[in-house]
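The values are calculated or read from the model by the stated rules, or taken from the named source; none is laboratory data. Since the model is a prediction, treat every value here as computed from it, not as a measurement. Note that we place each Cβ from the backbone using ideal geometry, even for glycine, and neighbour counts take in every protein chain shown. Accessible surface is based on the protein model in full, side chains and every heavy atom, while ligands, DNA and RNA are left aside. Shrake-Rupley method; radii C 1.70, N 1.55, O 1.52, S 1.80 Å.
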Amino acid sequence: MANISDDDVDVEVLVIGAGVVGIYALYRAIEAGFSALSMEAGDGVGGVWYWNRYPAARFDSESYTYGYIFSKELFEEWRWKEEFATQPEIEGYLNHVVDRFGLRRHIRTGTRVVSALWEEAGNVWVVTTDRGDTLRARWVISATGGLSVPHYPEIEGLDDFRGEAHHTGAWPHTPLDFDGKRVAIIGNGPSGAQLLPAIVDDVEAVDLYQRTPTWTTPLNNAPIAGERHQWLSDHFDEIVAILTSSPSGFLHEPAGKFSTDDSPEERQAFYEKIWKSPGFAKLTANYYDMTTNREVNLEFCEFLADKIRTIVDDPMTAERLIPKDHLFGAKRPPFVANYFESFNKPNASLIALRETPIVRVDATGIDTTERHRDYDIIVYATGFDFGTGALTRMGVRGREGLDLHVDWADGPSDFAGFSAHLLPNFFFPGGPHGAGGGNYPRYSQDQVDWILDTLIYAREHGFDRFEPTAAHQDAWMTMVETLAPLSIFSAEHSHYYGANVEGKVRKFLLNPGGRAKLHEFLDEMSATHDFGGALTAVARVSV
Ligand code: NAP
């Protein structure tokens, strides 16, 4: 057993990343009296909300349910302008939180972690950055996010293009001038779908390159005015109680009924109501059996298909925009205003890649099997190396030679979506198998709270080490594998299975048991003094 000393570390808690999760983890660590530091690759805080600054990037979870709920004062003083805030407001909010709680002096921006090596003898992580610094930390919380490594498609000639090319997830700080430009958007997930209506009126022409059509529905955003602010402030405790206990982490009121409770006519009227509901309410406030009863889901899809046919003037374009290979909710649907309407503009076109695939990008534009098109700007809205991308690129080496890059090549194995056997004292809230379908920050808050509560408990009870046993991990992974086929996000050709990245193994990357299973596993682990063997003490030496 190692002999360790507290003088052997530079910092007790190292948080990697200063996005939504990292900022909260840093706040909790400092509040608990740990020496703590956050390293952030970006030149500013915000994580995805720092990098994804393309026009009209915004929440599609309600602002006040996505934002922090740990402080009533913060909740009351930050007056969100809209039900679904835009990126500049979100980035402003996260900077406000950092300053309000005195966190900025604990954050090193512009610093990317390039390796994290577990040193058994010192019971310590030795972390190296791209600036050449080395830092020793007792505990590491890697809040590096599931959507932080942009995925560029493997298309021939990508580097040959002489115009401007940008990924939505690595957008330039200087606003792009779309005025009068010929633009290609590749990808129609939530990012591409948000971008198209935002630029269509400025550009000379925009072509949206679509591989798989999506069940996009209107966001139904609204400004938040005085009375609504007051209501939110007055109901803080109630809101926190709902967000903390709801399986999805939203405030949406459930439908309270199954599809079979309504007649066919009543169902159509109900679908109209759902169409007009905000954001994810189309999933969370829909019939209880919408995601389990294939027939009712098909009926709802037909309702949505009719909406697309009604909105889009050109019948051929409308048909191409209607998904044929997955049910509503089986892939993560975008919630965006005026998406389908954009295709009625004379300067907007849909390129259906299933009919005319891209052959190559060249100096002046894009070649499909149909023809060549010239562009000034190409936008890659092609998603991310979801779930594992950042963790496997960070040079993480644990005990007994565990190398995340190698060991997770067949898919990640973990406990509770934030820890792993052979990775002592290393947590990754917001990582793979962490969140189920729902409002991400509410899942990650559950995880961060449990992690910090555990670190406090360890400090109070003389433990220096946390590592889930192989049995803990096996039990969690069995749950993941058993319930994955029952998840609503069942389409295997989605980034939730890693299918969007060429060569990535297809394994389910969400937590199909949701918050209920997360809490069940964590409660069971923390029910004994040593957390079922996950907590251990290491012999200490005085220096
Ligand atoms: P995404 O959902 O993964 O969508 C990527 C798009 O690019 C898909 O349409 C995909 O087509 C297409 N694509 C990928 N590789 C391609 C290739 N080689 N050729 C042609 N098309 C290709 O990515 P995203 O839109 O950036 O969204 C990712 C996640 O970010 C979302 O699930 C969501 O969690 C989050 N997000 C949230 C918001 C918000 O409103 N709050 C906004 C944006 C993003 P296929 O479908 O055929 O693979």
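Amide H contacts under 5 Å for Ser419: Phe428, restricted to partners 5 or more places along the chain or on a different chain, H placed in the peptide plane at 1.01 Å from N. Here's how it looks for Ser5: its modeled amide H is under 5 Å from those of Val541, which are all 5 or more places away or on a different chain. Quick one: check the C-alpha center-to-center distance for the range 337-398 versus the range 303-329, whole angstrom. Answer, in whole Å: 20. Which one of Ile366, Val45, Ser233 is farthest out on the positive end of the charge dipole of the chain, using unit charges on Cβ (Lys, Arg +1; Asp, Glu -1) and the Cα centre as origin? The residue sitting farthest along the positive end of the dipole is Ile366.
The solvent-accessible area of Val11, taken with every protein chain present and a 1.4 Å probe, is close to 10 Å². Computed 3J(HN,Hα) for the range 163-175, one whole-Hz value per residue from the Karplus formula 6.51 cos²θ - 1.76 cosθ + 1.60 where θ = phi - 60°, is x, 8, 10, 9, 9, 4, x, 9, 6, x, 6, 6, x, glycine and proline marked x. Cross-link partners for Lys257 among the aspartates and glutamates, with Cα-Cα distance under 18 Å and sequence neighbours closer than 8 places in the same chain left out: Glu265, Glu266, Glu272, Asp289, Glu295, Glu299. Using a probe of 1.4 Å, the accessible surface attributed to Lys307 totals some 40 Å² when neighbouring protein chains are kept in position. Ranked by the mean number of other Cβ atoms within 10 Å of their residues, highest first, the peptides 232-242, 343-353 fall in the order 343-353, 232-242. Classify the chain from the C-alpha gyration tensor, please: rounded if a/c falls under 1.5, else prolate or oblate depending on whether a/b exceeds b/c. Here the chain falls in the prolate category. For the range 249-263, putting each phi into the Karplus relation 6.51 cos²θ - 1.76 cosθ + 1.60 with θ = phi - 60° gives couplings of x, 10, 9, 3, 7, x, 4, x, 7, 9, 4, 6, 6, 10, 6 Hz, in residue order, rounded to whole numbers and with x for Gly and Pro. For the range 459-526, the Kirkwood hydrodynamic radius comes to 13.9 Å, computed from all pairs of different C-alpha atoms. Cβ-Cβ distance of Asp314 and Lys257, R₀ of 51 Å, FRET efficiency by 1/(1 + (r/R0)^6): the value works out to about 0.85. Under a model in which nothing but the beta-carbon of Lys, Arg (+1) and Asp, Glu (-1) is charged, the range 370-480 shows a dipole of about 120 debye around its Cα centre. Highest-first packing order for the peptide set 154-165, 378-389, 508-519 is 378-389, 508-519, 154-165, based on the mean count of other beta carbon atoms within 10 Å.
Pairs from the list Lys81/Lys276; Lys276/Lys307; Lys307/Lys345; Lys72/Lys517; Lys307/Lys331 with a Cα-Cα gap above 22 Å: Lys72/Lys517. Per-residue Karplus couplings for the range 44-60, computed as 6.51 cos²θ - 1.76 cosθ + 1.60 with θ equal to phi - 60°, are listed in order as x, 8, x, x, 4, 7, 9, 7, 8, 9, 5, x, 6, 5, 7, 4, 10 Hz, Gly and Pro entered as x. Computed about its Cα centre, the charge dipole of the range 201-250 is approximately 260 debye, with only Lys, Arg, Asp and Glu carrying charge at their Cβ. Amide H contacts for Glu82 (H built 1.01 Å from N in the peptide plane; partners 5 or more residues away or on another chain; cut-off under 5 Å): Ile224.
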